[in-house]
Amino acid sequence: MRPDLLAWQFEHYPLDHADRANLALHAVTVPMFVLGLPLFVLALAGGRFALAGVGFVLVLLALAAQGRGHRREQHAPTPFRSRGDMIARLVAEQFVTFPRFVLSGGFARAWRAAGQHVD
């Protein structure tokens, strides 16, 4: 895992999130992931397997949609170094970097800039 993961991810985030459709997908799917992952873990720990399945499906749907959204971007995300790097980056993005991007005004700036470049 990168020792400076959060700073590195936030620095590169605007470049990897400049397409309006991808931004809209993230606005919907990040909350799905943020709800789904704890639901999965807590329900699994409590032996509530059907509910854990719901959480797992939410996580998978969120990641699949985000993957499709990233294919729309002109700049491809940096490839994962390992499975651990993938997990750390995905969890950090959902729980820290995307909310920070929204709260810092980055999402609004990217949304406006994307509207100026519509084909």
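The values are calculated or read from the model by the stated rules, or taken from the named source; none is laboratory data. Just so it is clear, the model here is predicted, and its values are computed rather than measured. A quick note on method: Cβ atoms are made from the backbone with ideal geometry, for glycine too, and the neighbour counts reach across all protein chains shown. Accessible surface is based on the protein model in full, side chains and every heavy atom, while ligands, DNA and RNA are left aside. Shrake-Rupley method; radii C 1.70, N 1.55, O 1.52, S 1.80 Å.
At-a-glance table
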| quantity | calculated |
| --- | --- |
| Within region 61-107, tally of residues that are of a type in the set (D, E, K, R) and not in a helix (DSSP H, G or I) | 4 |
| Condition met for residue 84 (touching a Pro at 6+ places or on another chain (Cβ under 8 Å) and either free of Cβ contacts under 8 Å to residues at least 12 places away in the same chain or farther than 29 Å from residue 116 by Cβ (or both)) | no |
| In region 1-46, the residues that are part of a loop (DSSP other than H, G, I, E, B) and open to solvent by less than 40 Å² (accessible area, probe 1.4 Å) | 2, 17, 19 |
| Residue match in region 64-75 (condition: over 15 Å from the mean Cα position of the chain (by Cα), open to solvent by 40 Å² or more (accessible area, probe 1.4 Å) and of a type outside the set (Asp, Glu)) | yes |
| Residues being in contact with a Pro (Cβ under 9 Å, 6 or more places away or on another chain) and under 21 Å from residue 36 (Cβ atoms) - total across region 95-119 | 1 |
